[in-house]
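*Asks:* One structure, pasted below without further comment.
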Amino acid sequence: MASMATNENLPPTVIRQLAKELKNLDDSPPEGIKVIVNDEDFTTIFADIEGPAGTPYENGIFRMKLILSRDFPHSPPKGFFTTKIFHPNIATSGEICVNTLKKDWNPSLGLRHVLLVVRCLLIEPFPESALNEQAGKLLLENYEDFARHARLYTSIHALRPKNKSKSSAALNKDQPHTILAPISTSTATKAFGLNSQDQNAAPSTVLGGASAAPKKDGPLSVKVPVDKKKMDARKKSLKRL
């Protein structure tokens, strides 16, 4: 359990409850959410949120934090994204605007509920109550531009690292990193509940280098002699199948 000296801003009963909740989140994490547990400080809780599939945030990992005040849980925590993200309900400063952390807060709501609500916000934004006015306006007026902009932010600031084998990592250690392909915008618009006229979002620009195909007559090309007898034998065996 956390030391009382480090968590002195929180009452002992709240520390015990948080310790229990955080252990539960660590043992059984919600889908797409990984809480970063720091037993020495419960006043700031970090979590990594996977961008939901079918949204402009897919393939991204977004770090957020919840800041707990001394009178928590009677007052809601403040939520912030520390990873840059283009979203109507997330300010350029990272502040999160969601009713669960404001007027709909209830002391009985746990951290798991709060984290799930924040991830759902990536699936279904509320542009009518936007903190980022540009994102809110684009989402309402031109989904194509909104999705392109959001995917670009994701590719630059939140791209999930690729898992590479040791051999491929050794072969490609000097090659530039390539951005993952953009998602299907028809799936994304379905997730956001938009009209069919907005379903033609253009893919974001793919960053990073692309490996060129080797030239036929280049210095590395090698002519391999063909054994005609072997080729004829293979053709005969294929005809029998």
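The values are calculated or read from the model by the stated rules, or taken from the named source; none is laboratory data. Everything quoted here is computed from the prediction, not taken from an experiment. Note that each Cβ is placed from the backbone with ideal geometry, even for glycine, and that neighbours are counted across all protein chains shown. Ligands, DNA and RNA are stripped out before the accessible areas are found, and what is left, the full protein with its side chains, is counted by its heavy atoms. Shrake-Rupley method; radii C 1.70, N 1.55, O 1.52, S 1.80 Å.
*Asks:* Output the number of residues of segment 8-33 satisfying the condition of being in contact with a helix residue (DSSP H, G or I) (Cβ under 9 Å, 6 or more places away or on another chain) and among the charged types (D, E, K, R).
*Replies:* Going through segment 8-33 one residue at a time, the tally reaches 2.
*Asks:* Residue check: is residue 66 more than 15 Å from the chain's Cα centre (by Cα) and open to solvent by less than 60 Å² (accessible area, probe 1.4 Å)?
*Replies:* Numbers: more than 15 Å from the chain's Cα centre (by Cα): yes; open to solvent by less than 60 Å² (accessible area, probe 1.4 Å): yes.
Against the criterion (more than 15 Å from the chain's Cα centre (by Cα) and open to solvent by less than 60 Å² (accessible area, probe 1.4 Å)), residue 66 qualifies.
*Asks:* Further, regarding this structure: Do the conditions hold for residue 128, that is, is it open to solvent by 50 Å² or more (accessible area, probe 1.4 Å), assigned to a helix (DSSP H, G or I) and touching a residue at least 24 places away in the same chain (Cβ under 8 Å)? Outline the logic, then answer.
*Replies:* Values: open to solvent by 50 Å² or more (accessible area, probe 1.4 Å): yes; assigned to a helix (DSSP H, G or I): yes; touching a residue at least 24 places away in the same chain (Cβ under 8 Å): no.
So residue 128 fails the test.
*Asks:* Identify, by number, the condition in (1) over 19 Å from residue 23 (Cα atoms); (2) aliphatic (A, V, I, L, M); (3) not in a strand (DSSP E or B) that residue 61 doesn't meet.
*Replies:* Here residue 61 meets the rest and fails (3).
*Asks:* I'm trying to understand the selection: among the residues of segment 75-118, which are open to solvent by less than 60 Å² (accessible area, probe 1.4 Å), β-branched (Val, Ile, Thr) and modelled with pLDDT of 95 or more? First the steps, then the outcome.
*Replies:* In the first step, residues of segment 75-118 are kept if they are open to solvent by less than 60 Å² (accessible area, probe 1.4 Å); the result is 75-77, 79-81, 83, 85-91, 94, 96-98, 100-101, 105, 109-111, 114-115, 117-118.
In the following step, the residues that additionally are β-branched (Val, Ile, Thr) were identified as 83, 85, 90, 96, 98, 100, 114, 117-118.
83, 85, 90, 96, 114, 117, 118, listed by residue number.
*Asks:* Now for a separate question. Looking only at segment 1-49, how many residues end up being assigned to a strand (DSSP E or B) and open to solvent by less than 70 Å² (accessible area, probe 1.4 Å)? Quick ask: steps written out before the conclusion?
*Replies:* Our first condition is that a residue be assigned to a strand (DSSP E or B); within segment 1-49, this holds for 33-36, 44-49.
Now drop any that are not open to solvent by less than 70 Å² (accessible area, probe 1.4 Å), which leaves 33, 35-36, 44-45, 47-49.
Counting residues in segment 1-49 that are assigned to a strand (DSSP E or B) and open to solvent by less than 70 Å² (accessible area, probe 1.4 Å) gives 8.
*Asks:* Quick check on my filter: what residues within segment 131-187 are at pLDDT below 55, of a type in the set (S, T, N, Q) and part of a loop (DSSP other than H, G, I, E, B)? Before the answer, list the steps.
*Replies:* So the first thing to find is which residues in segment 131-187 are at pLDDT below 55, and the list is 164-187.
Next, only the ones that are of a type in the set (S, T, N, Q) stay: 165, 167-168, 172, 175, 178, 184-187.
Correct list: 165, 172, 175, 178, 184.
*Asks:* Also: Pairs only if they're at least six apart or on different chains, beta carbon under 8 angstrom, first in segment 140-154 and touching a residue at least 60 places away in the same chain (Cβ under 8 Å) and more than 16 Å from residue 60 (Cα to Cα), second part of a helix (DSSP H, G or I) and open to solvent by less than 60 Å² (accessible area, probe 1.4 Å); list them, first residue then second.
*Replies:* Qualifying pairs under 8 Å: 146/135; 146/138; 146/139.
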